[in-house]
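Inspection log for the structure reproduced underneath, given as structure tokens.
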Ligand code: HEM
Ligand code: FES
């Protein structure tokens, strides 16, 4: 329905470009399940984190010099001489970490409540694309300050591509634009680091488009049976999201102002030196679980007893690392259980809890040197990571007996007879 | 009679259209590929990067047992003046036992001079072992701290995740004790 308003200007514009109708429809009257928990805050938080990154990033780019001779100094100049440069940089640095925290919680939320299941498969897959783009963006951003970790992180990660049979080494030279990570590499990384966030913005629009087709999933994982199960997005969820934003900003500010380098690595305050590798290269914390998976494959995979190697350890590690994300793409078809929410899946719940622990353990292993016992623990973790998706979920879809589902979203709420605002508000009516 | 003529006409028309469709598509695809290639190739090393591709190194100041690191194409190149014991250690290994079988003789021009790209063939770290105080790994050559690769006194991979021996760049002796790398 077209937006009702007294403003003739808005009506005039809206008639020609129904943007106000669209915004009203998607952000104001948009019907939302009435039982969303705080787990549903993280999507909007991710959107705000993206805006923070773009705003601080563009301002940083105005002061930054993408040249190997000047990059490190230009970042130091941002820190010391540019007005509030330290704030912009610390907000951008910690913003990246917070962006990942928020997105990881957002993804785990989806995993637990089955948000990837029909009819939200494409929504989910676009989310995975966004995750990949974020990783690429953050990786290239980390190279820009041209510290030791920037340089050696870039070297190790670009070298992953040399594992590709036949064309690998040529691809690496192509990625570098030279014979090592050097000025051409820094320049193209800066160009891409500027570009990719805007590609993310476009993907976020597709993500929301797909979301608004069927609306949010909810903690019960059942579909709304009618308007009594829904409330308008505004003011109920705008207010809830704003509250979450307040908490987010408090935590964010705590890091930016009191522990800005806590999540960083001191070696990155040493200028890049192509001749000296730091004793211990670690990626940013948000890559650690994947780094652990990469390093867990220390063995060649071949035909047993013949000595024929099909996949050497290096390629195996690379395949496992990319596979750990790729498996998310096909997740909607691996979990065939018709019940979405983990609340009603007694077995799934336990395996899921173990999965979360595994991700944390893998993260810890990724930060440890490649020695025993860390290697073995990483291998066990990697095995469980893949088994969860490829074995456990398909088996549970067949073997598990879910608990009975409630008849509707409002039923369990109303039975309690509580006076929660959302529960007593007349459905789809503004207070 | 008119019917058959029409039908035949139709068939001819159809195959002509298919042909035109395919031909136009093929021309378009070739054109697109021709346009994309320069874009892809622009990312490959440029002429000025390639121009820096060879260097001269004077080996005279490097005493026996000493090692130096020079930069070639932005990469470290390790040059070690090997001792008799190191050469002996490198040559006494059974080549078939190696991960990447290669006799020491195939990796050097003059046995006392070992010249290699100092980049771990695993994921590109610079192995330790050039300075006297560095750990040299279990085989007395180099040790890559990133993921624990051990190289011997011929720069061959002996233990750890690296798949290949350290690369030997193309180089030639330009005098008694001077080389040109690249
Ligand atoms: C998806 C959003 C983004 C993410 C995850 C991200 C991530 C990062 C990271 C991790 C760093 C390294 C910070 C450090 O350690 O110093 C960085 C640096 C940088 N980013 Fe971004 N970024 C994003 C968006 C942007 C945008 C839109 C721009 C605008 C051009 C930008 C410009 C810069 C610049 C100039 C630097 C170098 C200065 C510095 O190191 O602080 N970023 N980025
Ligand atoms: S880079 Fe040397 S062991 Fe991995």
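The values are calculated or read from the model by the stated rules, or taken from the named source; none is laboratory data. Fair warning: this is a prediction, and the values are worked out from it, not measured in the lab. As a convention, Cβ positions derive from the backbone with ideal geometry for all residues, glycine included, and neighbour counts pool all protein chains shown.
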Taking the options A:307, A:336, name whichever one is at pLDDT below 95, within 14 Å of chain B (Cβ to nearest Cβ) and more than 19 Å from residue A:159 (Cβ to Cβ).
A:307
Residue by residue through region A:228-243, note down the ones that are within 21 Å of the chain's Cα centre (by Cα) and either crowded, with 19+ Cβ neighbours inside 10 Å or outside the structural domain of residue A:92 (by TED's automatic domain parsing) (or both).
A:241
May I ask you to say which residue of A:141, A:153 is over 30 Å from residue A:222 (Cα atoms), within 15 Å of ligand 1 (Cβ to nearest atom), within 22 Å of the chain's Cα centre (by Cα) and within 14 Å of chain B (Cβ to nearest Cβ)?
A:153
Looking at A:78, A:48, which one is within 10 Å of ligand 1 (Cβ to nearest atom), more than 14 Å from every other protein chain (Cβ to nearest Cβ) and assigned to a helix (DSSP H, G or I)?
A:78
Number of the condition not met by residue B:97 [criteria: (1) modelled with pLDDT under 90; (2) within 12 Å of chain A (Cβ to nearest Cβ); (3) surrounded by fewer than 22 Cβ atoms within 10 Å (Cβ to Cβ)]:
(2)
Mind telling me which of the residues A:327, A:256, A:318, A:247 ends up being out of contact with any strand residue (DSSP E or B) (no Cβ under 6 Å at 6 or more places or on another chain), in contact (Cβ under 8 Å) with a residue 12 or more places away in the chain, surrounded by fewer than 18 Cβ atoms within 10 Å (Cβ to Cβ) and in a helix (DSSP H, G or I)?
A:327
Within region B:111-130, is there a residue that is more than 14 Å from chain A (Cβ to nearest Cβ), in a loop (DSSP other than H, G, I, E, B) and touching a helix residue (DSSP H, G or I) at 6+ places or on another chain (Cβ under 8 Å)?
yes
I need a count of the residues in region A:177-195 that are near ligand 1 (Cβ under 9 Å from one of its atoms) and more than 14 Å from residue A:142 (Cα to Cα).
1
What number of residues within region B:136-167 are more than 8 Å from ligand 2 (Cβ to nearest atom), closer than 25 Å to residue A:297 by Cβ and in a loop (DSSP other than H, G, I, E, B)?
10
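Results for (1) surrounded by 13 or more Cβ atoms within 10 Å (Cβ to Cβ); (2) at pLDDT 90 or above, shown as yes or no for each residue.
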| site | (1), (2) |
| --- | --- |
| B:32 | no, yes |
| B:51 | no, no |
| B:63 | no, no |
| B:82 | yes, yes |
Scan of region A:370-384 for residues that are within 14 Å of chain B (Cβ to nearest Cβ) and surrounded by 15 or more Cβ atoms within 10 Å (Cβ to Cβ), ordered by number
A:370, A:374, A:375, A:378, A:379
Count, please, the residues in region A:177-201 that happen to be assigned to a helix (DSSP H, G or I), facing chain B (nearest Cβ under 8 Å) and under 15 Å from residue B:73 (Cβ atoms).
1
I'd like to verify a number: residues in region A:270-290 that are more than 9 Å from every other protein chain (Cβ to nearest Cβ) and either touching a strand residue (DSSP E or B) at 6+ places or on another chain (Cβ under 6 Å) or assigned to a loop (DSSP other than H, G, I, E, B) (or both), how many?
6
